[in-house]
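The values are calculated or read from the model by the stated rules, or taken from the named source; none is laboratory data. Please read all numbers here as calculations on a predicted model, not as lab measurements. With ideal geometry, Cβ positions are generated from the backbone for all residues, glycine too; neighbour counts draw on all protein chains shown.
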Amino acid sequence: MISILGISAFYHDSAAALIIDGKIVAAAQEERFTRIKQDASFPINAVQYCLSEANITISDISAVVFYEKPIIKFERLLETYLAFAPKGFKSFFKAMPLWLGQKLFLPREIKKALGENCHAPIFFSQHHQSHAASAFYPSPFLEAAIITFDGVGEWATTSWGVGRNHQVELKHELHFPHSLGLLYSAFTYYTGFKVNSGEYKVMGLAPYGNPTAAQVYVDKIFNSIVTLKEDGSFWLDQSYFNYCVGLTMTSPKFHNLFGGPPRTPESDLTQKEMDLALAIQIVTETITMKIARHVHRETGLENLCIAGGVALNCVSNGKLLREGPFKNIWIQPAAGDAGAALGCALFTWHQVFDKPRSTEFIDHQQGSYLGPKYSNHDIELYLNSIGANYQTHLNEKELCDTIASYLKAGKIIGLVQGRMEFGPRALGARSIIGDASNCDMQKIMNLQIKFRESFRPFAPSCLEEKVSDYFELDAPSPYMLLVAPVKKSRCLSTSEMQQNLFGIDKLNIIRSDIPAVTHVDYSARVQTVHAKTAPRFYNIIKAFELLSGKGLVVNTSFNIRGEPIVCSPIDAYRCFMYSDMDVLVLENLICLKELQPPLAGAEDYKSKFKLD
């Protein structure tokens with residue numbers, strides 16, 4: 001037995017992943033255990049979970065792999081500070097103690113964290129090798145082009161290559177500071193959202209932008225900031241940015257170009273932010289499409305695998321699938337640095353140990369259900385200990401029919417079942433679900449359940465075989481990483497007055513017969529649910545279809561704003577009680593809100609999570 005433990009840590013979104021004899025056994029982010037969003041600390045809880053899931057100890061591990069090479073990253077840091085000196089001393093002074101005390105001595109830190117019983121050798125993969133491996137090896141393709149794009153690894157910010165059988169070869173890369181991820185993050189910062197967290201908000205805000213006004217900003221970006229070549233390579237004028245030397249993303253020159261300082265976080269959104277969001281989304285799609293077309297010309301391959309933080313831009317992914325040159329696309333669901341923990345372990349198995357891939361044409365990511373699960377017995381013990389009221393449904397059909405009846409009655413349901421998802425998307429294992437045809441569902445979920453901005457869209461989870469009944473999509477989207485238009489036959493006409501509305505005023509227009517998942521541009525971020533990969537979630541939606549005629553539900557992550565997605569029944573019960581959810585399903589046990597004893601501390605609960 002060869003067991004390989006992959007680790008990402010010390011930047012953001014730390015995680016651990018375990019593969020045994022080439023099979024992905026377990027993977028989880030540290031934030032789910034510590035309840036600290038994007039926790040960057042060494043993922044000791046995630047490691048312990050992975051070992052427990054495999055029923056092994058740290059002494060059984062054959063190799064430990066870190067997802068990037070810290071010495072090369074430190075070299076980039078020093079060269080950058082020297083290039084811009086004397087600017088950036090404050091940032092340099094802040095970074096050095098952590099590097100000199102911890103990051104430069106990672107073998108020591110890893111051995112210390114894993115304990116004296118860890119005798120495995122420690123390997124280091126390059127950052128974009130880890131991303132590329134995380135995209136190609138779990139995919140169903142034996143041959144594919146690979147593109148990775150993020151903020152920055154050691155030096156690389158974008159790379160492309162080819163995966164064949166069990167070999168991944170990266171052929172070309174762009175280097176820091178020229179980064180699509182950092183460009184998008186600069187606009188995230190400028191529009192008043194948190195970098196490495198608020199990029200989703202910018203993507204969701206973009207459809208509220210005015211196309212004419214946004215095009216003015218697009219022209220400014222390409223005329224002043226970004227030089228884009230036909231092959232998709234690009235150059236960023238660093239005089240508009242501050243991320244090389246400062247503690248912020250943008251410079252006064254950037255602010256002058258776009259007419260003022262960055263928006264103050266949590267202040268009112270204006271049309272300007274919406275237009276800027278649309279502009280940077282257009283720029284991102286333009287660049288990614290040029291890169292994809294170049295890679296297709298160079299490789300001649302019909303399959304594409306994608307990873308890196310920019311791969312979580314599901315609007316760009318959807319456009320790439322619809323309009324791009326590749327026939328098939330597979331995106332790593334944990335596309336950010338968390339997924340690199342899985343990628344570096346797979347890279348070591350296949351390319352360091354030279355082990356072949358399985359020839360089965362399947363999704364080796366297993367639906368990304370790679371985290372912990374909890375037994376009915378353990379859940380009952382917890383609920384009994386706090387005096388909770390619950391019903392037990394041991395019959396699968398009875399359970400799914402009961403959940404479906406609550407959905408039909410307009411109830412909002414917190415769902416904890418099976419193994420937790422690996423990656424930022426809730427895929428039915430740790431989800432909050434509701435009726436997509438309910439006109440009030442989007443507003444209630446945003447304001448009373450998630451406690452977040454009203455403009456944020458929600459995703460549909462749809463029976464895979466029915467997806468073309470609702471959306472202009474003819475491919476599976478199991479990881480909620482593709483945006484597709486809502487089918488025209490389901491869309492409703494709007495009045496002239498409604499068509500002339502701008503910004504947030506667009507929000508309350510009913511646009512289709514599935515309004516809770518129809519964004520203002522008539523699009524939706526789709527998850528397709530397959531009976532084999534997610535049997536209970538599939539059966540719940542199927543039971544709801546029999547009652548309502550709709551083979552889909554609203555699906556959002558089980559958490560409140562600023563909180564990591566829930567992991568345990570304890571996390572779930574607290575979130576359920578401190579929000580306006582109506583029903584909580586914990587495996588085969590159902591709790592109704594009105595039957596629960598009071599639980600004090602709601603304000604403390606909300607305040608302990610930092611706003612994202």
Self-check item: Long-range neighbours under 9 Å by Cβ, at least six apart or interchain, first residue farther than 22 Å from Ala335 by Cβ and assigned by TED's automatic domain parsing to the domain that holds Arg419 within region 32-56, second part of a helix (DSSP H, G or I) and not charged (D, E, K, R)
Solution: none
Exercise. Identify the single condition in (1) modelled with pLDDT under 95; (2) charged (D, E, K, R); (3) in a helix (DSSP H, G or I) that Arg357 does not satisfy, given that it satisfies every other one.
Key: (3)
Quiz item: Of the residues Ser512, Ser468, Ser493, which is of a type outside the set (Val, Ile, Thr), surrounded by 20 or more Cβ atoms within 10 Å (Cβ to Cβ), more than 17 Å from Ile403 (Cβ to Cβ) and free of Cβ contacts under 8 Å to residues at least 40 places away in the same chain?
Solution: Ser512
Quiz prompt | Options Thr299, Thr270, Thr288: the member that is surrounded by fewer than 19 Cβ atoms within 10 Å (Cβ to Cβ), of a type in the set (Val, Ile, Thr) and either within 18 Å of Asp231 (Cβ to Cβ) or out of contact with any strand residue (DSSP E or B) (no Cβ under 9 Å at 6 or more places or on another chain) (or both) | solution = Thr270
Practice problem: Scan region 200-239 residue by residue and report those that are in a helix (DSSP H, G or I), crowded, with 22+ Cβ neighbours inside 10 Å and touching a Ser or Thr at 6+ places or on another chain (Cβ under 8 Å). | Solution: Lys201, Val202, Leu205
Practice problem: Output the qualifying pairs, or none if there are none: Cβ atoms under 7 angstrom, residues six or more apart or on different chains, first residue in region 1-29 and outside the structural domain of Asn196 (by TED's automatic domain parsing) and more than 14 Å from Gln48 (Cα to Cα), second residue basic (Lys, Arg) and not in a strand (DSSP E or B). | Solution: Phe10/Lys103; Gly22/Lys355
Quiz item: Only one of Tyr49, Tyr11 is buried (at least 22 other Cβ atoms within 10 Å of the Cβ) and either in contact with a Gly (Cβ under 7 Å, 6 or more places away or on another chain) or of a type in the set (Ser, Thr, Tyr) (or both); which?
Solution: Tyr49
Exercise. Hey, can you tell me all the residues within region 290-319 that are within 14 Å of Ile146 (Cβ to Cβ) and under 23 Å from the mean Cα position of the chain (by Cα)?
Key: Ile291, Ala292, Asn303, Leu304, Cys305, Ile306, Ala307, Gly308, Val310, Ala311
Practice problem: Enumerate the helices (runs of 4 or more DSSP H) found wholly within region 61-180, keeping only those where 3 or more residues are surrounded by 15 or more Cβ atoms within 10 Å (Cβ to Cβ) and at pLDDT 90 or above. | Solution: 106-114, 127-136
Quiz item: Scanning for something without any contact (Cβ under 8 Å) to a residue 12 or more places away in the chain, assigned to a helix (DSSP H, G or I) and more than 19 Å from Ile432 (Cβ to Cβ), does region 362-377 turn up at least one residue?
Solution: yes
Practice problem: Considering only residues that are touching a helix residue (DSSP H, G or I) at 6+ places or on another chain (Cβ under 9 Å), among the hydroxyl-bearing types (Ser, Thr, Tyr) and not in a strand (DSSP E or B), look in region 549-607 and name the one that is nearest to Ala46 (Cα to Cα). | Solution: Ser568
Self-check item: Among (1) crowded, with 24+ Cβ neighbours inside 10 Å; (2) on the phi < 0 side of the Ramachandran plot; (3) at pLDDT 95 or above - the single one Gly423 does not satisfy
Solution: (2)
